[in-house]
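For reference, the structure is listed below as structure tokens.
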Amino acid sequence: MKPLARATKKTMKDRLGEAGFKVRPCDACAKLILDVVTDAGKRQVLDISAPVYALGQSVTKEGVTPLAVRATGVFVSHFATCTDPNRFSGKP
Ligand SMILES: [Zn+2]
């Protein structure tokens with residue numbers, strides 16, 4: 001799968017639309033969300049702008065330090081961030 005480059009919210013919306021994804025405002029909170037079908041065949045709604053971090057370690061000759069790095073091309077379920085997630089019960 002080709003990852004989408006990190007971009008501003010508007011640019012990311014445009015890129016997602018060009019890639020065939022449907023971006024629309026949430027009916028409950030009006031944030032922009034992304035309707036997708038998962039590899040398990042289930043419908044899901046994702047935030048297009050929630051920050052996501054990957055955890056790792058910075059290793060230097062001084063030692064190892066835990067480090068969080070902003071991840072790109074990954075998204076958070078809108079169910080976890082919506083102000084009214086019950087609206088998505090049974091229908092994403
Ligand atoms: Zn919402």
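The values are calculated or read from the model by the stated rules, or taken from the named source; none is laboratory data. Bear in mind the structure is a predicted one, so any value in this text is a computation, not a measurement. A quick note on method: Cβ atoms are made from the backbone with ideal geometry, for glycine too, and the neighbour counts reach across all protein chains shown.
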Of the listed residues (Ala19, Ala28, Ala50), the one being within 16 Å of the ligand (Cβ to nearest atom) and farther than 14 Å from Val76 by Cα is Ala28
If you go through region 10-20, how many residues are modelled with pLDDT under 75 and touching a strand residue (DSSP E or B) at 6+ places or on another chain (Cβ under 7 Å)?
0
Taking Met1 as meeting all but one of (1) assigned to a strand (DSSP E or B); (2) modelled with pLDDT under 90; (3) not aromatic (Phe, Trp, Tyr), write down the number of the exception.
(1)
Residue selected from region 63-92 under the condition away from the ligand (no atom under 16 Å from the Cβ) and either at pLDDT 90 or above or in contact with a Gly (Cβ under 9 Å, 6 or more places away or on another chain) (or both), by the criterion nearest to Leu16 (Cα to Cα)
Val69
Looking only at region 9-36, how many residues end up being without any contact (Cβ under 8 Å) to a residue 12 or more places away in the chain, outside any loop (DSSP other than H, G, I, E, B) and closer than 23 Å to Thr83 by Cβ?
3
Would you mind telling me which numbered condition in (1) assigned to a strand (DSSP E or B); (2) acidic (Asp, Glu); (3) away from the ligand (no atom under 15 Å from the Cβ) Asp39 fails?
(1)
